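Student: Quick one: this structure, given as structure tokens, is what I'll be asking you about.
The values are calculated or read from the model by the stated rules, or taken from the named source; none is laboratory data. It should be emphasised that the depicted structure is a prediction, and the values quoted were computed from it without experimental measurement. Neighbour counts are summed over all protein chains in view; Cβ atoms, including those assigned to glycine, are modelled from backbone coordinates with ideal geometry. Just the protein is used for accessible areas: all its heavy atoms, side chains included, with ligands, DNA and RNA removed. Shrake-Rupley method; radii C 1.70, N 1.55, O 1.52, S 1.80 Å.
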Amino acid sequence: MQDSLELRDLEIGDAGWIVARHAEIYAAEAGFDLSFEAQVAEHMSRFIRTRDPARERAFIACLGGRRVGCLLCTRMGDESARISLFLVEPELRCRGIGRHLLQQAMNFARAHGYASLCFWTFNGHRTSESLYVSSGFRRVTSHPAHSFGRDVIEQEWEIVL
């Protein structure tokens, strides 16, 4: 599948797709409310308005011209970057798309001088967690929170590049 997988940067229409798919999938799978959609929309808007193309990138995964996944790599500081809005369409999970997106983001971060890469998530994604661990990430924090209309365990993950 990776032979036919295209990874490209953000184009017209991608931001709306990212917001909609995150809202729909996380409502269905995690019970998140509309506040999650608002946060994703705010994050996308900020990325588009303030992005530094020399150090930040969107990765849009496409199969046969259809969007099937995404991930943003954004600058946190001179030596650290953050992954956000990492998503693979549910019917295509466990086929290497997520691993490919994550590896490309790690390669991008290394090539652009970042010493570490981190991201925020919440518990409950066993498959995703095994991907993070097998890619070299370690969980650095974990604590209960009330986010997006439900109780979750928020987690921060990090890798030294």
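Student: What FRET efficiency comes out for Glu24 versus Asn123 if R0 is 25 angstrom and r is the Cβ-Cβ distance? Round to the nearest 0.05.
Tutor: Values: r = 21 Å, r/R0 = 0.84.
About 0.75, to the nearest 0.05.
Student: Hydropathy first: keep DSSP H helices in the chain averaging at least 1.6 on Kyte-Doolittle, then drop any whose Cα extent along the axis falls short of 30 Å, and list what survives.
Tutor: Numbers: long enough: none.
Result, helices passing both filters: zero.
Student: Find, among the GluC sites (Glu not before Pro) in the range 106-161, those assigned to loop by DSSP (not H, G, I, E, B) with at most 11 other beta-carbon atoms within 10 angstrom.
Tutor: Passing both the DSSP loop test and the Cβ count: no residue.
Student: As a test, work out the antiparallel percent of DSSP beta bridges whose residues both lie in the chain, rounded to the nearest 5.
Tutor: 90
Student: Could you give the distance between the Cα centres of the range 101-161 and the range 24-62, to the whole Å?
Tutor: 15
Student: I'm spelling it out carefully: the read-out is log10 I(q)/I(0) by the Debye sum over Cα atoms at q = 0.12, 0.19 Å⁻¹, the candidates are [x] -0.50, -1.41; [y] -0.62, -1.27; [z] -0.46, -1.27, and one was derived from this structure. Which label?
Tutor: Checking each listed value against the structure points to [x].
Student: Given the options His22, His100, His146, which has the most mean-square fluctuation in a GNM of the chain, springs set between C-alpha atoms less than 10 angstrom apart?
Tutor: Fluctuation is largest for His146.
Student: Now, a different point. With r as the distance between the Cβ atoms of Asp52 and Ser130 and R0 = 30 Å, compute the FRET efficiency 1/(1 + (r/R0)^6) and round to 0.05.
Tutor: Using R0 = 30 Å, I get an efficiency of 0.40.
Student: Counting only protein heavy atoms and a 1.4 Å probe, tell me what percentage of the chain's accessible area is made up of carbon and sulfur.
Tutor: 50
Student: With only Lys, Arg, Asp and Glu charged, each at its Cβ (+1 for the first two, -1 for the last two), find how big the charge dipole of the range 1-119 is about the Cα centre; round to the nearest 20 debye.
Tutor: With only Lys, Arg, Asp and Glu charged at Cβ, the dipole is about 300 debye.
Student: Now for a different question. Once you have a ≥ b ≥ c as the square roots of the Cα gyration tensor eigenvalues for the range 1-89, tell me rounded if a/c is under 1.5, and otherwise prolate or oblate according to whether a/b is larger than b/c.
Tutor: Oblate.
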